[in-house]
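A quick write-up on the structure given underneath.
The values are calculated or read from the model by the stated rules, or taken from the named source; none is laboratory data. Keep in mind that this is a model prediction, so the values were computed, not measured. Heads up, the Cβs are rebuilt from the backbone with ideal geometry, glycines too, and the neighbour counts pull from every protein chain shown. Just the protein is used for accessible areas: all its heavy atoms, side chains included, with ligands, DNA and RNA removed. Shrake-Rupley method; radii C 1.70, N 1.55, O 1.52, S 1.80 Å.
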Amino acid sequence: LNELKTSKSPAEVRSSLGISPDEVVIGAVGRMVPIKGFDILLKSAVEVLKNAPSTRFILVGDGPESAALKKLCSELGVSQQVIFTGFRDDILDVLNSFDIFLMTSWHEGIPVALLEAMALSKP
């Protein structure tokens, strides 16, 4: 935990991603592969946005499912509320900008992103 350090403020990261201070950010981190269940996150976004339209979703990572997930995002009509960051080398800063960390994986061993989110006190 002592080695877990961020270098940018959540406001700075959000601003760089075009997110306003009044928006709630729900995010996930991982490889874009089926086992991570990011399709579930996107389908959930549809329901969340019905009740909380000022919510933004961030998917951090890259992988073979990236194009399919972006297509699904478009088909679901949530493209304006979802940000795909691709690979980031400042993952802790981005994760720290989330209001809520979401893990939709079907299976995980020891999920490092979840441990990092917990260490950063993210619900």
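Report the far tail of the P(r) of the range 59-106, meaning the percent of Cα-Cα pairs longer than 13 Å. Before the final figure, lay out each step's value.
Details: 728 of 1128 pairs.
Result: 65 percent of Cα pairs exceed 13 Å.
If you roll a 1.4 Å probe over the heavy atoms of the protein chains, what accessible area per residue do you get for the range 83-123, in Å²? Write out the running numbers ahead of the final one.
Numbers: 2260 Å² over 41 residues.
Result: 55 Å² per residue.
For the range 42-123, which whole percent of the accessible surface, found with a 1.4 angstrom probe, sits on carbon and sulfur atoms?
On the way: 2510 of 4450 Å².
Roughly 56 percent of what the probe reaches on the range 42-123 is carbon or sulfur.
For Cα pairs less than 8 Å apart in space and 6+ apart in sequence, what is the mean separation divided by the residue count of the range 40-123, i.e. the relative contact order in percent? Mind dumping the intermediate values first?
On the way: 65 pairs, mean separation 24.8, N = 84.
Taking the mean separation of contacting Cα pairs over the length of the range 40-123, I get 29 percent.
Counting only helical runs of four or more DSSP H residues, what would the 222 nm mean residue ellipticity of the chain come to if each run contributes -39,500 (n - 2.57) and the total is spread over all its residues? Could you put the intermediate results ahead of the total?
Numbers: 5 runs with 46 residues, N = 123.
Taking each H run of at least 4 residues, the total per residue is -10500 deg cm²/dmol.
For the chain, evaluate the Debye formula with one uniform point scatterer on each Cα (no solvent term) and list log10 I(q)/I(0) at q = 0.13, 0.18 Å⁻¹, rounded to two decimals.
Per q value, in the given order, log10 I(q)/I(0) is -0.48, -0.95.
So how many Lys-Lys pairs in the chain land under 29 Å Cα to Cα, not counting same-chain pairs under 8 apart?
Final tally of qualifying lysine pairs is 17.
Relative to the Cα centre, what is the charge dipole magnitude of the chain, using +1 at the beta carbon of each Lys and Arg, -1 at the beta carbon of each Asp and Glu, and rounding to the nearest 20 debye? Don't skip to the end; give the middle numbers.
Details: 12 positive and 15 negative charges, 38 e Å.
I would put it at about 180 debye.
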